[in-house]
Amino acid sequence: MKRIANYLLTATALLGAAALLTFAAKNDFGLARNMETLVNMMRELSVYYVDEVDADRLMTDAAEGMVRRLDPYTVYMPEEEMTDFQFLTTGKYGGVGALIRKKGDGVVVAQPYKGFPADRAGLQIGDRFVEIAGKDARGMTTEQVSALLKGTPNTNVTIKVEKLLTGQVEEVKLRRERIAISGVGYAGFVADSIGYIQHRDFTEGCYEDMRAALEGLQKQGLKALVLDYRNNGGGILQEAVKIVSMFVPKGTEVVTTKGRTEHTVYRTQLEPVAPTLPIVALVNDGTASAAEIVTGSLQDLDRAVLVGQRTFGKGLVQTTRPLGYNSFLKVTTAKYYIPSGRCIQAIDYSSRDEKGAVKSVPDSLVREFRTRGGRKVYDGGGIMPDERIDPEYISRFAMTLYAMGYVDDFADLYFREHGMQRIDPRTFTLTDADYERFEQFMADKEVKYESDTRRALNRIKEAARADLYEESLAAEIEAIEAGIRDDKATNLQTYKREIMETLNGAVILRYSYAEGVTEHTLTEDREVHRAVALLDDGKEYARILHEQDTVRK
């Protein structure tokens with residue numbers, strides 16, 4: 001029966017292609033020829049390949065092959081991937097409002113979203129799923145648990161969980177809701193009258209979230225603002241335009257998109273909420289796409305000072321096109337240009353070397369542009385901040401401990417031992433005794449880690465062997481190797497500060513949600529402190545905004 005189904009699918013593809021071929025033949029003989037070849041190939045494989053083939057798999061592979069050499073944002077999305085795509089673009093789904101993670105042979109709550117069904121029902125980080133909708137959840141994957149928890153809003157799901165704090169199994173009835181994750185991660189004050197808004201993404205409706213956050217701060221005496229766009233990967237372009245409209249006059253040009261089939265100018269359509277409010281925007285190499293439209297246009301319009309690192313450089317616009325049978329093509333249709341006229345796309349995907357590799361825009365092709373007030377800015381890849389601050393990197397060893405789940409496991413242990421207590425997330429920190437306990441906890445844990453220094457030394461040893469220098473350099477290599485100490489115990493001491501902060505964040509999350517973690521990190525955030533200093537120094541803020549050119553690279 002499956003073989004027959006494949007024949008039917010191929011026949012359907014042929015019929016659909018026949019209509020397209022008629023159209024294509026009138027417009028592009030090459031397109032028509034290649035479409036016919038593709039359909040013929042699918043038919044031949046379906047009929048003659050030695051093993052039975054899946055027509056859907058053939059189609060997916062062919063589609064992925066067609067876009068492989070274009071850009072990473074042009075992708076084929078079959079029906080089964082559309083739910084995840086819709087969540088990425090809307091920030092909404094039907095479920096109980098909790099992140100989950102694998103732990104041992106089961107799945108536990110990783111984070112309940114504040115105020116949503118899982119949180120209201122008392123689920124806490126570390127609670128282990130035992131049963132979901134009458135099905136034994138022990139041994140399930142995170143994908144299986146997620147599929148059972150998600151569903152149509154206003155439907156019920158009954159679960160059994162083993163509570164982290166008591167070890168007791170409890171039955172909980174949850175009512176699914178339309179879960180809408182706010183685009184605003186945190187909003188508050190970081191100094192007297194200086195507000196701070198952390199904007200996380202550009203999903204549908206994030207403008208309303210941002211406006212509500214801004215107006216809430218204004219009611220509390222806001223006089224200056226830090227906008228945090230670090231690690232904001234972007235999203236919906238129209239939301240970016242609306243967010244810029246809060247700070248510039250109505251009718252201001254924010255971005256222009258130009259492609260083979262479109263040329264659209266996007267202007268603000270709303271009256272501004274804070275047209276003269278002093279702003280510092282924080283950016284880094286994770287600031288991309290719509291986040292670059294907001295920060296880049298605020299810079300081009302001399303409306304905000306940018307602090308941080310060069311942004312990612314994604315100046316490409318995607319459109320979702322239906323392909324039939326609930327599948328879609330997300331295709332790059334244009335490049336966007338911010339008010340100065342510059343496009344900040346960093347990679348030229350249309351030009352590849354003989355090996356198929358893409359390249360960044362060379363220095364020789366970087367062009368100069370001017371902000372509204374006449375300051376020099378440049379294209380060629382990303383947005384250069386007005387004031388650059390070298391990033392603080394967390395050690396790879398600390399990130400390895402986190403990725404392997406040891407940080408969360410110890411935080412669960414701490415939470416179980418200390419129970420519910422009130423903490424001030426801004427000042428909370430584990431003690432040295434707590435860290436010694438973590439070292440004991442790690443004593444029997446395997447950590448697969450190799451330092452960058454040891455990796456580099458291994459490459460030198462391989463090169464020395466290949467160049468026949470192994471014997472003559474043996475003493476020097478041995479001396480370097482003796483000085484490298486990247487065993488687990490040594491690394492736990494070497495990277496104590498970074499590991500301690502990672503542990504602090506995990507513990508605070510269990511008591512004060514994600515907002516508490518943000519409050520804690522803000523107290524030591526160098527870029528936020530610099531933003532506050534600039535906003536406190538009106539003369540320096542004005543000098544940068546009206547006189548200072550950005551650096552070329």
Original post:
Under the condition of being over 36 Å from the mean Cα position of the chain (by Cα), within 28 Å of residue 358 (Cβ to Cβ) and exposed (fewer than 12 other Cβ atoms within 10 Å of the Cβ), which residue from the stretch 25-74 is modelled with the highest pLDDT?
Top reply: 37
Original post:
Is it true that some residue in the stretch 510-522 is more than 20 Å from residue 230 (Cα to Cα), in contact (Cβ under 8 Å) with a residue 24 or more places away in the chain, part of a helix (DSSP H, G or I) and over 28 Å from the mean Cα position of the chain (by Cα)?
Top reply: no
**OP:** Just name the residue that is nearest to residue 188 (Cα to Cα) out of those in the stretch 515-531 that are touching a strand residue (DSSP E or B) at 6+ places or on another chain (Cβ under 8 Å) and surrounded by fewer than 19 Cβ atoms within 10 Å (Cβ to Cβ).
**Re:** 515
Original post:
Within the stretch 502-519, how many residues turn out to be in contact with a Ser or Thr (Cβ under 8 Å, 6 or more places away or on another chain) and under 23 Å from residue 108 (Cα atoms)?
Top reply: 2
Subject >> Hey, residue 211 over 16 Å from residue 291 (Cβ atoms), touching a residue at least 12 places away in the same chain (Cβ under 8 Å) and either in the same structural domain as residue 156 (by TED's automatic domain parsing) or in contact with a helix residue (DSSP H, G or I) (Cβ under 7 Å, 6 or more places away or on another chain) (or both) or not >> reply: no
Original post:
Pairs, please: C-beta under 7 Å, at least 6 apart or cross-chain, first residue under 16 Å from residue 519 (Cα atoms) and in the stretch 417-445, second among the aromatic types (Phe, Trp, Tyr)?
Top reply: 423/511
Original post:
Quick check, is residue 200 closer than 27 Å to residue 153 by Cβ, touching a strand residue (DSSP E or B) at 6+ places or on another chain (Cβ under 8 Å) and assigned by TED's automatic domain parsing to the domain that holds residue 150?
Top reply: no
Original post:
When the residues of the stretch 147-163 are filtered to those that are buried (at least 17 other Cβ atoms within 10 Å of the Cβ) and β-branched (Val, Ile, Thr), which remaining residue is farthest from residue 116 (Cα to Cα)?
Top reply: 161
Original post:
Across the stretch 399-457, which residue is nearest to residue 166 (Cα to Cα) among those that are aliphatic (A, V, I, L, M) and surrounded by fewer than 15 Cβ atoms within 10 Å (Cβ to Cβ)?
Top reply: 420
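The values are calculated or read from the model by the stated rules, or taken from the named source; none is laboratory data. Since this is a predicted model, take the numbers as computed values, not measurements. Quick reminder, even Gly has a Cβ in these numbers, built from the backbone with ideal geometry, and neighbours come from all protein chains shown.
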